[in-house]
Amino acid sequence: MFRRRFWKKKHPYDEETNIGNILLSMGIITEKELSKAADKQEESGGFLGEILISMGTIDRDSLDTGLRVQEQLRSGNETEANFQMAEEQLRQRKLTLARAKLLTVQSLERLA
């Protein structure tokens with residue numbers, strides 16, 4: 001009788017592909033924000049991405065992009081993952097620029 005053996009391979013879901021490190025490498029969160037969210041996760045459980053959203057650190061779009069990148073990395077498609085990371089970094093820069101412009105306009109309005 002044929003017996004199948006299932007060999008335990010090194011699991012590809014390592015530190016490199018966890019959502020916290022992906023968001024960190026994309027520049028969406030800081031090490032301090034990641035550490036704070038990880039502490040909350042350790043205390044109460046839950047998904048790190050959802051904790052980051054509840055803390056107001058990231059938005060849903062950023063998490064969704066991070067999860068797509070994670071999926072691509074875990075499936076071995078680094079090119080697509082890099083493309084999605086670059087798109088999200090560009091989106092974040094545009095948001096930062098828009099916020100800066102808004103703050104400038106608000107500051108000018110207060111001076112007037």
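Nothing in this text is a laboratory measurement; each read-out follows from the coordinates by a stated rule. Note that the coordinates shown come from a computational prediction; the quantities given were computed from them, not determined experimentally. When we count neighbours, we look across all protein chains shown, and the Cβ atoms used for this are built from the backbone with ideal geometry, even at glycine.
So, L34, is that one touching a residue at least 24 places away in the same chain (Cβ under 8 Å) and either touching a Gly at 6+ places or on another chain (Cβ under 6 Å) or surrounded by 12 or more Cβ atoms within 10 Å (Cβ to Cβ) (or both) or not? When the stated conditions are applied, L34 does not pass them.
Within segment 37-56, if we keep just the residues that are among the small types (G, A, S) and not in a loop (DSSP other than H, G, I, E, B), the residue that is surrounded by the most Cβ atoms within 10 Å (Cβ to Cβ) turns out to be A37. The residue list E71, E80, E88 contains one member that is under 14 Å from N18 (Cα atoms) and surrounded by 13 or more Cβ atoms within 10 Å (Cβ to Cβ), which is E71. Give the residues of segment 69-80 that are part of a helix (DSSP H, G or I) and over 19 Å from L34 (Cβ atoms), sorted by residue number. Answer for segment 69-80, where residues must be part of a helix (DSSP H, G or I) and over 19 Å from L34 (Cβ atoms): E71, Q72, R74, E78, T79, E80.
Applying the condition of being more than 16 Å from S54 (Cβ to Cβ) and buried (at least 17 other Cβ atoms within 10 Å of the Cβ) to segment 22-31 and asking which residue is nearest to the chain's Cα centre (by Cα) yields I22. Being part of a helix (DSSP H, G or I), loosely packed, with under 12 Cβ neighbours inside 10 Å and hydroxyl-bearing (S, T, Y) is a property that does not hold for S62.
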